[in-house]
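Single-structure report; data block below.
The values are calculated or read from the model by the stated rules, or taken from the named source; none is laboratory data. Every value quoted in this text rests on a predicted model; they were computed, and no experiment measured them. Using ideal geometry, Cβ is built from the backbone for each residue, glycine included, and neighbour counts are taken over all protein chains shown. We work out accessible area using only protein heavy atoms, side chains counted, and drop any ligands, DNA or RNA first. Shrake-Rupley method; radii C 1.70, N 1.55, O 1.52, S 1.80 Å.
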Amino acid sequence: MATDPHLLALGAALERERRAVLVEHESFQALPLATRRAVGFSSYPLVVDALELRSRGRVNVVLRGTDVGDAFHPGDPVTLAPVGRPNDGLVARIEGVDDATIELRLAEVPEGSGPWCVSRRLDFAWLDGQVQAIQTGAERRTPLTDLLLGYERPYRPDPREHGAFRKLDSAQRAAAELALGATEIGLVHGPPGTGKTQTLIAILEALVETGERPWALAESNAAVDQLALKARTAGLDVVRLGVSARIGSEVQPLTLEWRILHGSRAEVIRSLMRQASRASGPEGVELRDAIRSEWAVAKREILGAADVLAMTLGSLATRGRDLAAPRTAVVDEASQIMEPALWVLAAKVKRMILAGDPMQLGPVVKSRDPLLERSLLRRLVDEGFCFPMLVQQYRFNDELLGLCAPTYGGQLVSHPSVATSTLSPAARWIDTAGMGFDEEPDAAESFHNPGELQLLQRLYAELVAEGVLAGDVGVVTPYRGQVLRIRAALPGVEVGSVNAFQGREKRVILVSFVRSNPEQTLGFVADPRRLNVTVTRARDRLILVGDSATLGANPHYQRVIDTIAAQGGYQSGWEFMD
């Protein structure tokens, strides 16, 4: 087992990923500052707006700038350096960020008057945790690891019924019963809009009612927030773990910190905090020790009583060492997770229930290593594990279903509540072929398309004239360069990359495909999974802007164009502009 070839290969792939991340980081450091800002690697010029000394010698600094942008998020590791020496700075971590300010936590007070530059910092803690988990998997043999490594053959679980599954449709119920009946590995295939999260919540209810205290995990904070909220709505006592600043406002009452400060020991802790703020010397030290002691007791009480602990896999790897492991962990977005990240989980639990859709985007891998780009979910399906698919979708009408139906072998059907479209046509393709709307290169191999941006502005004005609210509209585009320009042109509208919109939906989705060139080069836009994500985000209306002469060379795009044309939704860009 210690020399298992698959684990050895995963370890080598992680080292290649480490080198690729390092090379990319060094290439960004070598860029001019303006380019670093354009690609989201740095933010400058910034001035100190506020500075506060915290306990244990820590310093919080609030920096203000004219356009901080959207590249940074709470919890990100960064450096703070003078603009003149951007690669020579202090180690910091982001506490909070908005359009005009960045709040950092540092170990020392920055010296100098600025202006300052905040840049991304390498932090391999996440990767080191995965390497350690693979080593643990090589050393400790369990029924779960035997299945994962092929020492035991895949099997079809015996279905296990439960009352929590009565509210599910027939496909959801069958998938949930098989997952609950699995002794080590349960899989659920949830195409867009088929109620995958609802199925997982029912599984969590069943696990809790049978005496377990499962974990609920996902790759992204947004997905974990959704699991936590829906589990709480189902009546489960959920504790949300992770960096508070990265957790949505609706979920804050479920966080460990909030529950400690509003729980049975809250008054004692708050009283000690008030006393500590006025004390110094030995008295202050004693009070801070008392706070830590009370905090630890409250934490044990809350975690010990919880039905479900919800967190990202990143939080588990970096903050979950002291957590008592449950028998079962339920994982959403499993098709987006690199396999080594799930070995962190496999080293702790006895059963994993993985849910996802391998027909959508997989893990994001800098090295483009095929071993890491294939998720564990995809590998298990390829090796013959039972993978029941949810087949009734509740998101979009039959016209929009037609765009993705072939991807799922024609098995998806629309629930009667959404099958009939109130819009005609529900899908539109505005064709820019021959209009001279060529793509233009951005820094760091990104692209943008000014012509498509003009069309998007006119399309959005058309929607506003119809009475569509800004909050009901999402704009999806594959390249960051186009994302930034659309955000500037359409303030108040949510704009994001295809990756950012995976798992999301909006009533109306506008799409800019960007690529338009005589060579018919598509780059990563050619990935059919990326196209599948793009065409399955809208509930009511989908409007696609793209060059059929470039995109149509790809058979997956040509199929979408032909389907929309057959529905009466194809329109030349020339005709639309006139």
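Which members of the stretch 407-431 meet the condition of being under 17 Å from R559 (Cα atoms) and touching a helix residue (DSSP H, G or I) at 6+ places or on another chain (Cβ under 6 Å)?
T407, A426, A427, W429, I430, D431
Looking only at residues in the stretch 433-479 that are among the aromatic types (F, W, Y) and within 23 Å of Q502 (Cβ to Cβ), which one is surrounded by the most Cβ atoms within 10 Å (Cβ to Cβ)?
Keep residues of the stretch 433-479 that are among the aromatic types (F, W, Y), which gives 437, 447, 460, 479.
Next cut, within 23 Å of Q502 (Cβ to Cβ) only: 447, 460, 479.
Numbers: F447: 21, Y460: 21, Y479: 24.
For the stretch 433-479, the residue satisfying everything is Y479.
Within the stretch 82-123, restricting attention to residues that are at pLDDT 90 or above and out of contact with any strand residue (DSSP E or B) (no Cβ under 8 Å at 6 or more places or on another chain), which residue is farthest from L345 (Cα to Cα)?
Out of the qualifying residues, it is G84.
Among the residues that make up the stretch 12-22, is at least one of them out of contact with any Pro (no Cβ under 8 Å at 6 or more places or on another chain), open to solvent by less than 20 Å² (accessible area, probe 1.4 Å) and in a strand (DSSP E or B)?
Looking through the stretch 12-22, none of the residues is out of contact with any Pro (no Cβ under 8 Å at 6 or more places or on another chain), open to solvent by less than 20 Å² (accessible area, probe 1.4 Å) and in a strand (DSSP E or B).
Return the pairs, sorted by first residue and then second, in which the second residue is open to solvent by 50 Å² or more (accessible area, probe 1.4 Å) and outside any helix (DSSP H, G or I), the first residue lies in the stretch 121-137 and is within 29 Å of S27 (Cα to Cα), the beta carbons are less than 8 Å apart, and the residues are 6+ apart or on different chains.
Close Cβ pairs satisfying both conditions: R121/V91.
May I ask you to verify whether R395 is basic (K, R), assigned to a loop (DSSP other than H, G, I, E, B) and open to solvent by 10 Å² or more (accessible area, probe 1.4 Å)?
yes
Any idea which of (1) at pLDDT 90 or above; (2) within 20 Å of P110 (Cβ to Cβ); (3) open to solvent by less than 40 Å² (accessible area, probe 1.4 Å); (4) of a type outside the set (S, T, N, Q) is the one R36 doesn't satisfy?
Of (1) at pLDDT 90 or above; (2) within 20 Å of P110 (Cβ to Cβ); (3) open to solvent by less than 40 Å² (accessible area, probe 1.4 Å); (4) of a type outside the set (S, T, N, Q), only one is false for R36: (1).
Name the pairs whose Cβ atoms lie under 7 Å apart, with the first residue in the stretch 487-509 and free of Cβ contacts under 8 Å to residues at least 24 places away in the same chain, the second surrounded by fewer than 19 Cβ atoms within 10 Å (Cβ to Cβ) and small (G, A, S), and 6 or more positions between them or separate chains?
The qualifying pairs are G492/A470.
Looking for something in a helix (DSSP H, G or I), in contact with a helix residue (DSSP H, G or I) (Cβ under 6 Å, 6 or more places away or on another chain), open to solvent by less than 40 Å² (accessible area, probe 1.4 Å) and under 22 Å from N532 (Cα atoms) - is there at least one such residue anywhere in the stretch 359-372? Talk me through it step by step, then tell me what you get.
Filtering the stretch 359-372 down to residues in a helix (DSSP H, G or I) leaves 370-372.
Now narrow it down to the ones that are in contact with a helix residue (DSSP H, G or I) (Cβ under 6 Å, 6 or more places away or on another chain): 371-372.
Filter once more, keeping what is open to solvent by less than 40 Å² (accessible area, probe 1.4 Å): 372.
Subset that is under 22 Å from N532 (Cα atoms): 372.
Scanning the stretch 359-372, I find at least one residue that is in a helix (DSSP H, G or I), in contact with a helix residue (DSSP H, G or I) (Cβ under 6 Å, 6 or more places away or on another chain), open to solvent by less than 40 Å² (accessible area, probe 1.4 Å) and under 22 Å from N532 (Cα atoms), so the answer is yes.
Identify the residue in the stretch 255-301 that is in contact with a Leu (Cβ under 8 Å, 6 or more places away or on another chain) and under 21 Å from A324 (Cα atoms) and, among all such residues, is least open to solvent (accessible area, probe 1.4 Å).
Restricting attention to the stretch 255-301, the residues satisfying the condition of being in contact with a Leu (Cβ under 8 Å, 6 or more places away or on another chain) are 255-256, 269-270, 272, 275-276, 279, 287, 290-291, 294, 299.
Retained after the next criterion (residues that are under 21 Å from A324 (Cα atoms)): 255-256, 294, 299.
On the way: T255: 3, L256: 28, E294: 47, K299: 85 Å².
In this case the residue turns out to be T255.
Please pick out the residue among R541, R504, R537 that is of a type in the set (D, E, K, R) and surrounded by fewer than 24 Cβ atoms within 10 Å (Cβ to Cβ).
Working: R541 fails: surrounded by fewer than 24 Cβ atoms within 10 Å (Cβ to Cβ); R537 fails: surrounded by fewer than 24 Cβ atoms within 10 Å (Cβ to Cβ).
Only one candidate qualifies: R504.
How do the pairs read when you match residues in the stretch 420-438 that are more than 13 Å from F576 (Cβ to Cβ) with residues anywhere that are of a type in the set (S, T, N, Q), using Cβ under 7 Å and keeping only pairs 6 or more apart or on different chains?
Within 7 Å, the pairs are T420/N397; S421/N397; P425/Q567; A426/N397; A427/Q567; D438/S516; D438/N517.
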